[in-house]
Each structure stands twice: as C-alpha cells, then as structure tokens.
Amino acid sequence: MSDVQQTFVMVKPDGVRRRLVGEVVSRIEAKGYDIKEMKLFMIDESLAKKHYGEHTDKPFFGELVEFITSGPVVAMVVEGADAVLGMRSIMGATNPIEAPPGSIRGDLATVIGENIVHGSDSPESAEREVNLFFG
Ligand code: DAT
Ligand code: MG
C-alpha cells in the first residue's frame, strides 16, 4: 500500500545560479507530486548548520555550509504517494557520477559538492526539515 507523504525538497544555490529551477520543478510535477509550499530565499549560517546538523563532524561540513549559504535556494514541500523515497529516486544518488541518466543529478550535475537538489532521506527527516523551513 502506498502512503501519502510530504517531503522537503530544495533547489540548491548551484541549481538557482544555473537557472534549473524550472527544470527541477517540471520533473517534480511531471512525476505527479503536488507542490504544497515554495519559497526563494537566502539560508543564513544558523539555519544551514541546523539543516545539515547530522554532518557537523564531517570534513566537508565547512564547505557545505559555505555552499548552501552562497546564493538563493528554492525550498519546497512536496506531497504524493511515497514522496520521500520517490523524490530520492528521481534525484539520483548523492554523487552525480553514481546517479543514473534520467535522474536530476545524473542528468544535470557532475560533482558531489554541487548536486543541484536536496530531498529528505526519511519520513522523520522530512518532518524535521519541513518544520525547520516552513514551521
Ligand atoms: P544527500 O544530499 O544525498 O542526502 P548527504 O545528506 O549524505 O547526501 O550529504 C549532504 C550534502 O553534502 C550532499 O548533497 C553533498 C555534500 N556531500 C556529501 N558527501 C560529501 C563528500 N564526501 N564530499 C563533499 N561534499 C559531500
Ligand atoms: Mg541528506
């Protein structure tokens, strides 16, 4: 049985800079999901550190915070049947080299640090992230 879920999706600064917002939104809509909320804004350092809290101890954390605050993002709440896993699937793997053609990262990105899009990795993360950005 499918489960109607909400997930948090974000076009990251590289996607906005490269004018790929429409491309990403188009793929989400074509898949059949509903966009329930959407806003373009700049993430500040404090929100970036909360959003990526699970990565605090990783060697790339500093770069990650710098990157995600480097320009506007487009944050969304996306809803549909099994939308958490479904969005991860249409995004493709974190490293674009491992993301298959046909996926957002597989088609549009080349390097892990600039992989266009964020999507929650579980229903628990989705709830936390939706509240963090839209609560
Ligand atoms: P995802 O965005 O697929 O959920 P993640 O949560 O593991 O991946 O990592 C968050 C972001 O951090 C990811 O989109 C890109 C960056 N990142 C992950 N692993 C990295 C690495 N080894 N080197 C540089 N950046 C990395
Ligand atoms: Mg993640």
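Cα centroid separation, the range 109-130 to the range 1-20: 7 Å.
Cα gyration tensor of the range 32-106, axes a ≥ b ≥ c as square roots of the eigenvalues: rounded (a/c below 1.5), prolate (a/b > b/c) or oblate? Kindly include the intermediate steps, with their values, before the conclusion.
Numbers: a/c = 2.01, a/b = 1.30, b/c = 1.55.
Oblate, since a/c reaches 1.5 and b/c is not below a/b.
With the whole protein complex present, Ile35 retains an accessible surface near 50 Å², based on a 1.4 Å probe.
Note the full-extension length gain between Met38 and His55 as 0.36 nm times their separation in residues minus their Cα-Cα distance, in nm to one decimal.
Numbers: separation 17, 0.36 × 17 = 6.12 nm, distance 2.50 nm.
Full extension from Met38 to His55 adds 3.6 nm.
Per residue, the solvent-accessible area of the range 1-102 (1.4 Å probe, heavy atoms of protein chains only, all protein chains present) comes to 55 Å². For the pair Leu47 and Asp121, a Förster radius of 22 Å applied to the C-beta separation gives a FRET efficiency near 0.75, rounded to the nearest 0.05. Computed on the chain, with alpha-carbon pairs under 8 angstrom and 6+ residues apart, the relative contact order is 37 percent. Loop-located GluC sites (Glu not before Pro) in the range 53-135 (DSSP state other than H, G, I, E, B) with a sparse environment of at most 16 neighbouring Cβ atoms within 10 Å are absent.
The values are calculated or read from the model by the stated rules, or taken from the named source; none is laboratory data. Treat the numbers as computed from the prediction; the structure is a model and nothing was measured. Quick reminder, even Gly has a Cβ in these numbers, built from the backbone with ideal geometry, and neighbours come from all protein chains shown. Note: areas computed on protein heavy atoms with side chains; ligands, DNA, RNA excluded. Shrake-Rupley method; radii C 1.70, N 1.55, O 1.52, S 1.80 Å.
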